[in-house]
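K.L.:
Dropping a structure here in C-alpha cells format, bear with me for questions.
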Amino acid sequence: MKLGLIGYPIAHSLSPWIHNQLLDIHGMLGEYQLFECETDGFADKINEMKADHIAGFNVTVPYKERILPYLDELDDAARFLGAVNTVKLDKGRYVGYNTDGTGYLASLVDRHADAVESPKQVLILGSGGAARGIFYALLKQGIKKIDLANRTIEKAQQVIDDLSASSISQALSLKEAEEKLVKYDLIIQTTSVGMSPNHEQTLLSLSGITKDTIVSDIVYRPMKTAFLREAEARGARIHYGHGMLLHQAIYAFQIWTGKPTDASEMMKAFEKKLKGV
Ligand code: ATR
C-alpha cells in the first residue's frame, strides 16, 4: 500500500515512523513516503501522486487548505473546517478528511477518561487551524461551554462566529483569560508558543488554576512544555501533546485501511522515539 505525507518542511516528521509501525502491527506490506515540495511545485506533486495511485496521504502545513480544489469529496469535519489533513483514494476519487480534532479528543479521553463529561467549562488558547479543529470536535462531543482566548481577539471571535457558537462562547484576550482561569475545568493550549527552541516561553501564567483543572498542551517538542511544567507544579492534571499526533495518525490509518489500532500498544514505543529525537 502506497502512503505518504505532503507538506513543507517535513524532513523531521514523525509520521513515517508512526505509519511504518502501523503497517507492521497489521502485517501489511507498504511504504509511507515523504512528498516534500515547495509552494510552486504543489500542483505538479499532487498530479504525480495521483498518477502513481498513492492510496492515502496526510497533508500538513502549508497545504491543508490548498489541497481542497484537488479533492472530489470531503467529510463533514473537513468541509466545515475548510482544511484537510488526510486524503484517501477511493475508486479513483480523492476524498478529504480532517482527523485533527477527533484525534485530539481521543488522546484526551485516553489519558483523562472524565475530561469531557458534561457539564464542563473549556478554555481554548489560540485561534488557528488546530484550535478550530479541537473546538469543532468538542462541540460535536456535546460540550457547549467553550471560550476562546487569543492574542488577536478578533480572530477568536471569528472562530466562534464560524462555528455558530456565539450564543454561549466568549472571545477573550489572553489577559482576560488569565484572570478567570479558575472557572475552567479544561484548558487547551493550541499555539506554537513553548515549542523548541523557545521551550521556556508560555502564553500566560497559570496562577489561577485549581488542582482539579486539566491543562493540555498540543506542543510535543519538548514533551513536557514549560506550560505543562507550571501546571504540574501547581498540582493540576496535565495532558501531553504527542497523544494527538499518534491518535490522528491512527484515525488516518483506519480511514485508509479500515483497521483500528489500540493506541496504548504503540504509546510506549512512540514516547521512547520522541525522547530520542
Ligand atoms: P495552526 O494552524 O497550527 O493552529 P496558525 O493558524 O498559525 O497555526 O495559528 C497560530 C496561533 O498561535 C494563533 O492563535 C496565534 O495568535 P494570533 O492569532 O494573534 O496570531 C498564536 N500565536 C502564535 N505565536 C504567538 C505568540 N508569540 N504569542 C501569542 N500567540 C501566538
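K.L.:
Report the normalised scattering of region 1-127 as log10 I(q)/I(0) at q = 0.09, 0.12, 0.13, 0.15 Å⁻¹, calculated by the Debye formula with identical scatterers on the alpha carbons.
P.N.:
-0.30, -0.53, -0.61, -0.79
K.L.:
Mind scanning Lys211/Lys272; Lys45/Lys91; Lys50/Lys272; Lys144/Lys211; Lys145/Lys268 and naming the pairs with a C-alpha gap bigger than 31 Å?
P.N.:
Lys50/Lys272; Lys145/Lys268
K.L.:
Can you tell me, using C-alpha contacts under 8 Å and at least 6 residues apart, the relative contact order of the chain as a whole percent? List each step's numbers first, then the result.
P.N.:
Numbers: 509 pairs, mean separation 40.7, N = 277.
Reported relative contact order: 15 percent.
K.L.:
Based on the inverse mean of 1/r over its pairs of different Cα atoms, what is the Kirkwood hydrodynamic radius of the chain, in Å?
P.N.:
Numbers: mean 1/r = 0.0518 Å⁻¹.
Over the chain, the inverse of the mean reciprocal pair distance is 19.3 Å.
K.L.:
What ranking, highest mean first, results for peptides 242-252, 224-234, 133-143 when packing means the other Cβ atoms within 10 Å averaged over each residue? Numbers along the way, then the final one.
P.N.:
On the way: 242-252: 24.1, 224-234: 19.0, 133-143: 21.0.
By packing density, highest mean first, the sequence is 242-252, 133-143, 224-234.
K.L.:
Applying 1/(1 + (r/R0)^6) with R0 = 35 Å to the Cβ-Cβ distance of Lys50 and Met28, what FRET efficiency is obtained, to the nearest 0.05?
P.N.:
For R0 = 35 Å, the calculated efficiency reads 0.95.
K.L.:
What whole-number volume per residue, in cubic angstrom, does the convex hull of the C-alpha atoms of region 101-240 give?
P.N.:
Each residue corresponds to 95 Å³ of Cα convex hull volume.
K.L.:
Please provide three numbers in whole Å: the alpha-carbon extents of region 199-277 along the principal axes, with the largest listed first.
P.N.:
Result for region 199-277: principal-axis Cα extents of 45, 27, 20 Å.
K.L.:
I would also like to ask the following. Where the accessible area of the chain is counted over protein heavy atoms with a 1.4 Å probe, how much of it, in %, is carbon and sulfur?
P.N.:
49
K.L.:
So who's got an amide H within less than 5 Å of the one on Gly194, skipping anything under 5 residues away but keeping other chains? H placed 1.01 Å off N, in plane.
P.N.:
Amide H neighbours of Gly194: Gln201.
K.L.:
Calculate, for Glu271 and Arg151, the FRET efficiency according to 1/(1 + (r/R0)^6) with r their C-beta to C-beta distance and R0 35 Å; round to the nearest 0.05.
P.N.:
E between Glu271 and Arg151, to the nearest 0.05, is 0.70.
K.L.:
Let me ask another. Could you give the nm distance between label points at Lys144 and Glu65, where each point is 7 Å from its Cα heading toward the beta carbon?
P.N.:
Going by the 7 Å Cα→Cβ label model, 3.1 nm.
K.L.:
List the aspartates and glutamates whose Cα lies under 16 Å from the Cα of Lys120, skipping any in the same chain that are fewer than 8 positions away.
P.N.:
Correct list for Lys120: Asp147, Asp185, Asp212.
K.L.:
Give me, ordered by chain and number, the residues 5 or more places off Leu74 or on other chains with an amide H under 5 Å from its own placed amide H.
P.N.:
So Leu74 has HN proximity to Gly96.
K.L.:
Just order 98-110, 59-71, 192-204 by mean Cβ neighbour count inside 10 Å, highest at the front, would you? Present the calculation step by step, with values, prior to reporting the outcome.
P.N.:
On the way: 98-110: 23.6, 59-71: 16.8, 192-204: 15.2.
So the order, starting with the most tightly packed, is 98-110, 59-71, 192-204.
K.L.:
Any idea of the accessible area per residue across the chain, 1.4 Å probe, to the nearest Å²?
P.N.:
That works out to 47 Å² per residue.
The values are calculated or read from the model by the stated rules, or taken from the named source; none is laboratory data. Given the structure is predicted, the values throughout are model-derived calculations rather than measurements. Because the Cβ atoms are built from the backbone with ideal geometry, glycine has one as well, and the counts that use them run over all protein chains shown. All accessible areas refer to the heavy atoms of the entire protein, side chains included, with ligands and DNA or RNA removed. Shrake-Rupley method; radii C 1.70, N 1.55, O 1.52, S 1.80 Å.
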